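Colleague: Just passing along the structure, written as structure tokens.
The values are calculated or read from the model by the stated rules, or taken from the named source; none is laboratory data. All values reported here derive from a predicted model rather than from experimental measurement. Neighbour counts run over all protein chains shown; Cβ positions are idealised from the backbone, glycine included.
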């Protein structure tokens, strides 16, 4: 049977007779909940991974006679590449008539795919095969409507595209990508904390897989920022040329002076294949990867039996013309902590706290985005990358390009791990190895090898994001930077919130995995340092962290359990209860006045009310896991029937009025606390007044459990949970007592 009698099914990813309905579509029509087996319709810019069977199928079809089907002939994709004049959302006409006229013009260059269950992609049509290659492999359903192939300028795939010269934007290549009616982006701008007067940078748009014309076949004035066909294996000359742009032009931003502390590290000599003391002034490469419980065996470096990712990193280091490589598994003592001598423990602690310097001072960091462990290797080094599909239509070559590297990163296991968070954040120059491409990134710019080489230098004038500005110590020539208290607080809380979302194999790494990040913050913004991850000497209000209510998912422990009998965050052994590192789970700082970074002393609240902050604990000291503060402590009684109400004492009758409503953490409903007596340490009181008259108090407290100290020094408090009390009674009537409290 000829290939024109078959279609490419986007649901089962197989070749099917054109006259027969897909079994999955039939099942979908019979099922009530289609999402159960086809996935939720939450995003259409999927990475579209190419399975081995897909690759074999497409290669077989290309060997058969091909011609455009009627739908693709009528659409005429080359006309879209030649004539379309798309605009990014940030530049769309603001008046109604102009907005409507623009989309009417754009419609002529779009291909509406209709209801996906009825979409026929002809196996013999080269353009249908290109569409098939970029279609999402999940998140679509047969009844999905509104998806269309739309043209856009290539530059909008990059953050900060508005800083490109207007001439460059006008000559940008045209790409064709998939868009759904419910996923239109409207000119989102990312704020820059440390850039006075800067409105922020535009977010990228249309970042998923796309179709482009080969540069030699593009139409006049439409070549800039074009895509590029890449080989199955990395072209290291291309990688070196991209890095050279940075090394030559970004010295004040991307090259760090190596401090003396770095001289205590060890490096791998990739030519001699042995670990050596740091050679003074050496240029070295660092590796960021997923261990996945795979450790090199004793002598693996000399025996050439290293996990593939580490072995590939040695190859890449040599290809880049460097002699030294830093890999944590080989350059930091990995013996069990309890077996290390006191000196070895001190050395390891020092190395972990230097992670910021190690990654900042590396010539480049290799980031392994593929796989689940260190046996996965660096894609494009010893195993080939996924195929880009190339077709020829009317003598012009068209091919697919992958989603942007940032999308691949967000979908990777690497991006979910605790250790890799600081490694990625701290590196000033990186090579990202994914299944589809090699990404090149530095403080000022970035582009993958799936783009024309000229792309790398085009975005050097865009402002740097807040953390990269921090890593440069604010010594920038193009930005007037002044750091305020709210700015540094927002940066710290944002980083910890992101870090605590991540996973780690060993709970004992809760603090170790971010010591480098904390060291960087201490060097730049928090000179008084941190106590178990909290800047308490400067900001005791950071005791007001809490677990996000959605983690763990608040399921009832039993089917008929009361609302307070739910799954709760688990403690980590070896850490204090008062720090976020002592607990599993995602942390938020969105409760106290830290939620907007303001540290309110006097502010303006809802309805013109004045808001003042007080009763914040005073830091006294921290010895080991014991924290000592001087703060307000109060006792109260909670009755949850059905909502949690706070009383001064256990209510004697039903008519007794509470002094406030109590909410735990950031739960949306106040009924997760069990009825009983409680004692709390006040973290902050926000008083709301209007025209000088009291309106209400909002009090944030750590709920305390009193236990005997493990070192036998008497009774100490442990943190149980975090609550907010909304009260229309002045909190002084609760009779809080100011006293010294020891927490462990």
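Colleague: Please state which one of 424, 439 is outside any loop (DSSP other than H, G, I, E, B), surrounded by fewer than 22 Cβ atoms within 10 Å (Cβ to Cβ) and within 18 Å of the chain's Cα centre (by Cα).
Modeller: Details: 439 fails: surrounded by fewer than 22 Cβ atoms within 10 Å (Cβ to Cβ).
So the residue among 424, 439 that is outside any loop (DSSP other than H, G, I, E, B), surrounded by fewer than 22 Cβ atoms within 10 Å (Cβ to Cβ) and within 18 Å of the chain's Cα centre (by Cα) is 424.
Colleague: Got at least one residue in the stretch 296-313 being out of contact with any strand residue (DSSP E or B) (no Cβ under 9 Å at 6 or more places or on another chain), assigned by TED's automatic domain parsing to the domain that holds residue 376, surrounded by 20 or more Cβ atoms within 10 Å (Cβ to Cβ) and closer than 25 Å to residue 237 by Cα?
Modeller: yes
Colleague: A further question on this structure: Residue by residue through the stretch 632-656, note down the ones that are outside any loop (DSSP other than H, G, I, E, B) and in contact (Cβ under 8 Å) with a residue 40 or more places away in the chain. Lay out the reasoning, then the answer.
Modeller: Taking the stretch 632-656 and keeping what is outside any loop (DSSP other than H, G, I, E, B), we get 632-640, 644-647.
The answer is 632, 633, 634, 635, 636, 637, 638, 640, 646.
Colleague: Something else now. Can you tell me which residue is nearest to residue 86 (Cα to Cα) among those in the stretch 214-236 that are touching a strand residue (DSSP E or B) at 6+ places or on another chain (Cβ under 6 Å) and outside any loop (DSSP other than H, G, I, E, B)?
Modeller: Going through the qualifying residues, I end up with 224.
Colleague: Going through 723, 703, 707 one at a time, which residue ends up being part of a strand (DSSP E or B), in contact with a strand residue (DSSP E or B) (Cβ under 6 Å, 6 or more places away or on another chain) and buried (at least 22 other Cβ atoms within 10 Å of the Cβ)?
Modeller: On the way: 703 fails: buried (at least 22 other Cβ atoms within 10 Å of the Cβ); 707 fails: buried (at least 22 other Cβ atoms within 10 Å of the Cβ).
Result of the check over 723, 703, 707: 723.
Colleague: Could you say whether any residue in the stretch 408-416 is crowded, with 19+ Cβ neighbours inside 10 Å, within 19 Å of the chain's Cα centre (by Cα) and closer than 22 Å to residue 358 by Cα? Show your work before the answer.
Modeller: So the first thing to find is which residues in the stretch 408-416 are crowded, with 19+ Cβ neighbours inside 10 Å, and the list is 408, 412, 414.
Keeping just the survivors that are within 19 Å of the chain's Cα centre (by Cα) gives 408, 412, 414.
This time we only want the ones that are closer than 22 Å to residue 358 by Cα, so: 414.
Scanning the stretch 408-416 turns up at least one residue that is crowded, with 19+ Cβ neighbours inside 10 Å, within 19 Å of the chain's Cα centre (by Cα) and closer than 22 Å to residue 358 by Cα.
Colleague: Answer with yes or no whether residue 275 is in the same structural domain as residue 420 (by TED's automatic domain parsing) and either over 25 Å from residue 437 (Cα atoms) or surrounded by fewer than 17 Cβ atoms within 10 Å (Cβ to Cβ) (or both). Even if it seems obvious, please write down each step before you answer.
Modeller: Working: in the same structural domain as residue 420 (by TED's automatic domain parsing): yes; either over 25 Å from residue 437 (Cα atoms) or surrounded by fewer than 17 Cβ atoms within 10 Å (Cβ to Cβ) (or both): yes.
Yes: the conditions hold for residue 275.
Colleague: Answer yes or no as to whether residue 261 is within 30 Å of residue 395 (Cα to Cα), in contact with a helix residue (DSSP H, G or I) (Cβ under 7 Å, 6 or more places away or on another chain) and at pLDDT 85 or above. Talk me through it step by step, then tell me what you get.
Modeller: Details: within 30 Å of residue 395 (Cα to Cα): no; in contact with a helix residue (DSSP H, G or I) (Cβ under 7 Å, 6 or more places away or on another chain): yes; at pLDDT 85 or above: yes.
Taking the combined requirement at face value, the residue does not satisfy it.
Colleague: Within the stretch 657-683, which residues are in a strand (DSSP E or B) and more than 15 Å from residue 734 (Cα to Cα)?
Modeller: First pass over the stretch 657-683, keeping only residues in a strand (DSSP E or B): 660-664, 676-683.
Once the filter is applied, which keeps residues that are in a strand (DSSP E or B) and more than 15 Å from residue 734 (Cα to Cα), the stretch 657-683 yields 663, 664, 676, 683.
Colleague: Right, here's the next one. Among the residues of the stretch 226-249, are any loosely packed, with under 13 Cβ neighbours inside 10 Å, in the same structural domain as residue 328 (by TED's automatic domain parsing) and closer than 25 Å to residue 349 by Cβ?
Modeller: no
Colleague: Also: Does residue 396 qualify as being surrounded by fewer than 24 Cβ atoms within 10 Å (Cβ to Cβ), more than 18 Å from the chain's Cα centre (by Cα) and in contact (Cβ under 8 Å) with a residue 60 or more places away in the chain? Show your work before the answer.
Modeller: Details: surrounded by fewer than 24 Cβ atoms within 10 Å (Cβ to Cβ): yes; more than 18 Å from the chain's Cα centre (by Cα): yes; in contact (Cβ under 8 Å) with a residue 60 or more places away in the chain: yes.
In short, yes.
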